[in-house]
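Worksheet: the structure to be examined is printed underneath.
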Amino acid sequence: MGSNEVVELEQLVAALKKAAAALRDAEVPFALGGGFAAWARGGPEVDHDVDLLVPPRFAERAAAALAGAGLNVEQPPEEWLLKAHDTGATVDVIFEPSGVRVDEALFERADELQVQAMTMPVASLEDVLVSKLLALNEQELHLAGPLEIARALREQVDWEDVWRRTEGSPFAAAFRTLVEQLGVVRRDMKAR
C-alpha cells in the first residue's frame, strides 16, 4: 500500500490496538507517535498509517511480537523503521525519527493517555512536531500535516521548545514564518 493512500480510521485504530497490545505483551517499550499522537489529544483525524516509536535495541523483539500477533512484518530499505500490515492498515515501527531519539527521555516526555479505550504512552506534541519538521526536505516538503496539528492544538504546544530544537533547519524556519504569518502561532505564545 502506498503511503498516500487513504485508509479508514476504524482500520487504523484496529491495527493500532492489535500492534500496541502485541508490543505491550512482549514488554517492548513504545509510544504512539506521528499524527495519531496528535489525534489522541484532539488533533486532526489520521487517514494513512500508525506510527509507533520503539527504542532501536528492541527492533527484533518488536518485529517478532507483531508477526506473532498476525501482522505481516516487512523490513523496508530504510534502516530506521519496519512496517507491519494488518487488513489494509500499516503500522510504522520507527526507531530513529528525524531529530528525536527514542530513549528514556522521550518516554518521560510522553503522556499515558486513553486511546480508544487502551492506555498507552503517547509522544509529546513537541516530539511529534520536531520530528515532522526535521523530516522536511526539498523532495518531501509536506507542510499540511504539521500545519493541521498546529491549528488544532496550538495551545498545547511549547513552541519555544519546538523552535529551539529545530533551529538550523530552513524548512522549520519557513514553517515558523508560515504559522506566525497566518496567526496560528503568535511570537509570544507560551504553552503549558
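Return the long-range amide H neighbours of Val73 (sequence gap of 5 or more, or a different chain), with a cut-off of under 5 Å between placed amide H atoms.
The list, which skips near neighbours in sequence, is His85.
Suppose only helical runs count, i.e. DSSP H with n ≥ 4. What mean residue ellipticity at 222 nm does that imply for the chain under -39500 (n - 2.57) per run, divided by all residues and rounded to the nearest 500 deg cm²/dmol? Could you put the intermediate results ahead of the total?
Details: 8 runs with 78 residues, N = 192.
Helices in the chain give a 222 nm mean residue ellipticity of -12000 deg cm²/dmol.
Taking amide H positions as placed in the peptide plane 1.01 Å from N, state which residues far from Val7 in sequence (5 or more) or on other chains have amide H under 5 Å from it.
His48
³J(HN,Hα) across the stretch 62-69 via Karplus (A = 6.51, B = -1.76, C = 1.60, θ = phi - 60°), whole Hz, x for Gly/Pro?
5, 4, 5, 5, 5, 4, x, 8
Out of every Cα-Cα pair in the stretch 124-192, what percent are more than 14 Å apart?
Numbers: 1222 of 2346 pairs.
Looking at the stretch 124-192, the distances longer than 14 Å represent 52 percent of pairs.
In whole Hz, what ³J(HN,Hα) sequence does the stretch 20-28 give by Karplus (6.51, -1.76, 1.60; θ = phi - 60°), x for Gly and Pro?
4, 5, 5, 5, 4, 5, 8, 6, 9
Restricting the count to DSSP beta bridges whose residues both fall in the chain, what percent are antiparallel, rounded to a multiple of 5?
Working: 17 of 22 bridges.
Given both bridge residues lie in the chain, the antiparallel proportion sits at roughly 75 percent.
When you take every Cα atom in the chain, what is the radius of gyration, and what is Dmax, the widest Cα pair distance, in Å?
16.1, 49
Relative to the Cα centre, what is the charge dipole magnitude of the stretch 108-150, using +1 at the beta carbon of each Lys and Arg, -1 at the beta carbon of each Asp and Glu, and rounding to the nearest 20 debye? Write out the running numbers ahead of the final one.
Values: 2 positive and 8 negative charges, 13 e Å.
Here the stretch 108-150 has a charge dipole of around 60 debye.
Convert each backbone phi in the stretch 140-153 into a coupling constant with the Karplus relation 6.51 cos²θ - 1.76 cosθ + 1.60 (shift: θ = phi - 60°), then list the ³J(HN,Hα) values in order as whole Hz, x for Gly and Pro.
Values, residue by residue: 10, 9, 9, 8, 4, x, x, 5, 4, 5, 4, 4, 6, 10 Hz.
Since every read-out is calculated from the coordinates, none of them should be taken as a lab result. This one's a predicted model, so the numbers in the text were calculated from it and none came from an experiment. No Cβ is skipped: glycine too gets one built from the backbone with ideal geometry, and neighbour counts run over all protein chains shown.
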